[in-house]
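See structure below.
The values are calculated or read from the model by the stated rules, or taken from the named source; none is laboratory data. Small disclaimer: the values here were computed from a predicted structure and weren't measured. With ideal geometry, Cβ positions are generated from the backbone for all residues, glycine too; neighbour counts draw on all protein chains shown.
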Amino acid sequence: MNRYYIKRFLDEIRRRIPFDQWFGKGYAFPPLRIDIELLHNCNLQCEMCSFVPGNEINKAFSNELRSYHEKVEDYPELKEWNKFFKQVSKFSPTINLSGGEPLLHPEFFEILKIIKSNKLITTMTTNATLIDDKKAKDLVLSGIESLVISIDGDEETHDNIRKVKGSFNNAINGIKLLQKYKKEYHSSTPRIVINSTISWLNFRDLSFAEILFPEVRPYKWNFSHLFLGNGDLVRDSINDLYKKRDDIDALNNFYHKINTDTLFNEMLKLKNGQYGKHISFLPEMNVNELKTFYEKPLVPIKKRCHYPYFSFVVQGDGSIITCMYYKMGTIKDNPKKLWNSQKYKTFREHLKKGLFAKCSRCCGLYE
Ligand code: SF4
Ligand code: SF4
């Protein structure tokens, strides 16, 4: 068993037997993962993405961060990343790079090199449209363990969602280049996981996964249900997190565009199809839960959120937040002290009393 699987196995034990959550009074064992949103800029303009300024979702859940396109001067310097990764490497967390589109970051490969020099298992979420021959080769040689690549339909549907013509073909080409270099260098990494986000634009026909499977040969194909977390920019007070949603109508409107019977049939067809054992849904739900998920979006399917016990979230400007943009500190702080600072512990203690008003359709709840 290699390091990647051993770590996944140990992480799973910690998730299933969460002593810190049961007895810790807000204290948490070291983070299993660090989610780094390297930047919020993207070369695409997906209709269901809250980072795209001015689209329907962005307007409905409007806040500053969701339209926030960082400037180069906001980014931490490499020496700051260097210090941060050196410090966190003591806990051996998995580093998950995302965006926006992380490959747009001008120092992406330098940051990746720092992470890998600290021997940290690394994954990245990308739209793959910027993976050209050189980047494919560099990614394979970097040792990055896993790439999660977003494909949301056949060429027509995918490009329609992305709002940029050619994005499907560019993404498929990027995947093929990665496969080519993996073969050339006899490398089993990066594992390629395809992620498809279910939305009102593709739920009627999910068969594209079966059609594309033999062409892209992923390690796994995951479908994410629609997560529309909302929230204001950088909250100052924990009491804000208890406030009722002010955008209930917007939330209802988006979820109600999806017919659960049609979706459930599509899910069943995939699960029972030729590639069923490689296909997963996040979260896995039975038909009743699926109906609740899409028809009553203010009702959480789970009662407890473990996310703030196992993950740091770092923003492109170096801020460290819990979730919902509740700011804890920055990468310049000592991560070990920050992770169990009084502010973090207070946040976790509050969460023990029950979910916050805006947790119901947050992806963190369903991990
Ligand atoms: S590719 Fe990702 S980050 Fe870019 S617009 Fe689409 S969903 Fe948003
Ligand atoms: S569900 Fe969990 S991760 Fe999401 S906002 Fe609530 S506490 Fe944070």
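Residues in region 310-367 that are part of a helix (DSSP H, G or I) and among the small types (G, A, S): G364 alone. Pairing each residue of region 336-354 that is farther than 13 Å from R304 by Cβ with any residue that is among the basic types (K, R) and not in a loop (DSSP other than H, G, I, E, B), provided the two are 6+ apart or on different chains, yields C-beta distances under 8 Å for K336/K90. All told, D133 falls short of being touching a His at 6+ places or on another chain (Cβ under 6 Å) and touching a residue at least 24 places away in the same chain (Cβ under 8 Å).
Are any residues in region 185-196 touching a residue at least 40 places away in the same chain (Cβ under 8 Å), more than 27 Å from D159 (Cα to Cα) and not small (G, A, S), and if so, which ones? Walk me through how you get there before you give the answer.
Restricting attention to region 185-196, the residues satisfying the condition of being touching a residue at least 40 places away in the same chain (Cβ under 8 Å) are 185, 187, 189-196.
Filter once more, keeping what is more than 27 Å from D159 (Cα to Cα): 185, 187, 189.
Within region 185-196, Y185, T189 meet the criteria.
Yes/no per residue for (1) within 26 Å of Q45 (Cα to Cα); (2) at pLDDT 95 or above; (3) not hydrophobic (A, V, I, L, M, F, W, C):
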position	(1), (2), (3)
S167	yes, yes, yes
N170	yes, yes, yes
I175	yes, yes, no
Q179	no, yes, yes
Y185	no, yes, yes
I192	yes, yes, no
D205	yes, yes, yes
A209	yes, yes, no
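Selection over region 104-158 of residues that are under 20 Å from A209 (Cβ atoms) and in contact with a strand residue (DSSP E or B) (Cβ under 8 Å, 6 or more places away or on another chain) gives a count of 12. If you go through region 25-57 and keep only what is on the phi > 0 side of the Ramachandran plot and at pLDDT below 90, you end up with K25, G54.
Looking across region 39-61 at every residue that is of a type outside the set (V, I, T), crowded, with 20+ Cβ neighbours inside 10 Å and more than 9 Å from ligand 1 (Cβ to nearest atom), the one that is farthest from P76 (Cα to Cα) is identified as F61. Taken over region 132-178, residues that are of a type in the set (V, I, T), within 19 Å of the chain's Cα centre (by Cα) and within 20 Å of C49 (Cβ to Cβ) amount to 4.
S98 meets each of the listed conditions (1) in contact with a Ser or Thr (Cβ under 6 Å, 6 or more places away or on another chain); (2) small (G, A, S); (3) crowded, with 21+ Cβ neighbours inside 10 Å apart from (3).
Would you be able to tell me the number of residues in region 91-100 that are modelled with pLDDT of 95 or more and part of a helix (DSSP H, G or I)?
As a first pass, look at region 91-100 and keep what is modelled with pLDDT of 95 or more: 93-98.
So of that shortlist, the ones also part of a helix (DSSP H, G or I) come out as none.
Counting residues in region 91-100 that are modelled with pLDDT of 95 or more and part of a helix (DSSP H, G or I) gives 0.
Please work out which residue is surrounded by the fewest Cβ atoms within 10 Å (Cβ to Cβ), limiting yourself to region 118-142 and to residues that are assigned to a loop (DSSP other than H, G, I, E, B) and within 16 Å of ligand 1 (Cβ to nearest atom). The extreme case among them is L130.
Hey, does region 101-117 have a residue that's surrounded by 17 or more Cβ atoms within 10 Å (Cβ to Cβ), more than 21 Å from the chain's Cα centre (by Cα) and either of a type in the set (A, V, I, L, M, F, W, C) or outside any helix (DSSP H, G or I) (or both)? Looking through region 101-117, at least one residue is surrounded by 17 or more Cβ atoms within 10 Å (Cβ to Cβ), more than 21 Å from the chain's Cα centre (by Cα) and either of a type in the set (A, V, I, L, M, F, W, C) or outside any helix (DSSP H, G or I) (or both). Of the numbered criteria (1) closer than 25 Å to L226 by Cβ; (2) away from ligand 2 (no atom under 16 Å from the Cβ), the one P308 fails is (2).
Taken together, I258, I331 contain a single residue that is touching a residue at least 60 places away in the same chain (Cβ under 8 Å), buried (at least 20 other Cβ atoms within 10 Å of the Cβ) and closer than 25 Å to W200 by Cβ, which is I258.
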